[in-house]
Amino acid sequence: MQHPFDMAGVYSDPNIHGGQPVVESGVPIYLILDMLAQDFPREEMRDDYGVTEEHIRIALRFAAEYVKHEGHDAA
């Protein structure tokens, strides 16, 4: 299992969600970000998907790193 961007709390495994980055509970980062963008209540994220506040912080930090690296590569 890999740690994209060597970031603690983020994992990538080809056997889990096709290698998409996930938090330790297996929830894909893109799903957490999508729920935040759609203004899902955090209680619903927790109850339905097991997403914690720490998972949200990890997903946001991962997104920032991704954009920083992708933006640099695109320039």
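Within the stretch 1-25, the set of residues being touching a Phe, Trp or Tyr at 6+ places or on another chain (Cβ under 9 Å) and hydroxyl-bearing (Ser, Thr, Tyr) comprises just one member, Ser25. Suppose the filter is touching a helix residue (DSSP H, G or I) at 6+ places or on another chain (Cβ under 9 Å), of a type in the set (Gly, Ala, Ser) and either in contact (Cβ under 8 Å) with a residue 24 or more places away in the chain or over 17 Å from Ile58 (Cα atoms) (or both); does Ser12 pass it? So Ser12 does not fit the description; no.
Taking the criterion of being within 11 Å of the chain's Cα centre (by Cα), acidic (Asp, Glu) and modelled with pLDDT under 95, the only residue of the stretch 4-52 that qualifies is Glu24. Considering the stretch 45-75 alone, what residues qualify as being assigned to a loop (DSSP other than H, G, I, E, B) and of a type in the set (A, V, I, L, M, F, W, C)? Result: Val51, Ala75. Residue by residue through the stretch 1-44, note down the ones that are assigned to a helix (DSSP H, G or I) and in contact with a Gly (Cβ under 9 Å, 6 or more places away or on another chain). Once the filter is applied, which keeps residues that are assigned to a helix (DSSP H, G or I) and in contact with a Gly (Cβ under 9 Å, 6 or more places away or on another chain), the stretch 1-44 yields only His17.
Within the stretch 19-32, no residue that is in contact (Cβ under 8 Å) with a residue 40 or more places away in the chain sits with its Cβ atom under 8 Å from a residue that is in a loop (DSSP other than H, G, I, E, B) at 6+ positions apart or across chains.
For Val67, the stated conditions do not hold, so it cannot be described as surrounded by 15 or more Cβ atoms within 10 Å (Cβ to Cβ) and at negative phi. Note on the stretch 20-43: residues that are surrounded by 13 or more Cβ atoms within 10 Å (Cβ to Cβ) and farther than 18 Å from Arg61 by Cα amount to 1.
The values are calculated or read from the model by the stated rules, or taken from the named source; none is laboratory data. None of these values were measured; they are calculated from a predicted model. Note: ideal-geometry Cβ built from the backbone for every residue, glycine included; neighbour counts use all protein chains shown.
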